[in-house]
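The values are calculated or read from the model by the stated rules, or taken from the named source; none is laboratory data. What you see is a predicted model, and the numbers here were worked out from it, not measured in a lab. Note that each Cβ is placed from the backbone with ideal geometry, even for glycine, and that neighbours are counted across all protein chains shown.
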């Protein structure tokens, strides 16, 4: 099962999302990382590590708890998409946006859940390390970890925001393609009516059948069909062809 997850991520190029700096989440993650490094350096946290130790311990445990809560956002987002889309709207969306476009959106939620899972593990581990009595790691390794962790956390946060935006757009997209489907059905129905009218007109001319005889035959055909709306169909035919 786990290998299938990674295959889906590779198929939809999800690994590229980490460093796609054209995307909103990567730009914001990079800015957040730079700001975090500047703040850590200005406050001289490395040299005064013991002073900030309790705050860092609290931050890691609160972040761990927040990431667990973010899993609920993923479930809510999936519920929105699954609830809004039906088979017909999915077919219409993929017709105009390419096959697999809906699947790609769902994979993004799976990718986010995967990263949150990693984040939970990372911050629990960091929290445990902060309670260790071992000597502080080197200056460059310390700031390397700060850079990676801050970028990763910001990426998760802003990736979630992007997905929320996508969920909102799903409503608009679904309305648009529902209208498209309705227009397509309307065109199809009108074309069918024209085609049937032509066939009946041709039949009437070639076989010299009066409109009354055609209506009579249509009434008999309608009576032979097992439908609860027989009378409504017969009335529609009489009104249309009278």
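Out of 16, 20, one residue alone is modelled with pLDDT under 95 and either not assigned by TED's automatic domain parsing to the domain that holds residue 135 or not in a loop (DSSP other than H, G, I, E, B) (or both). It is 16.
For the stretch 50-69, the condition holds for at least one residue, the condition being that it is touching a helix residue (DSSP H, G or I) at 6+ places or on another chain (Cβ under 7 Å) and farther than 26 Å from residue 140 by Cα.
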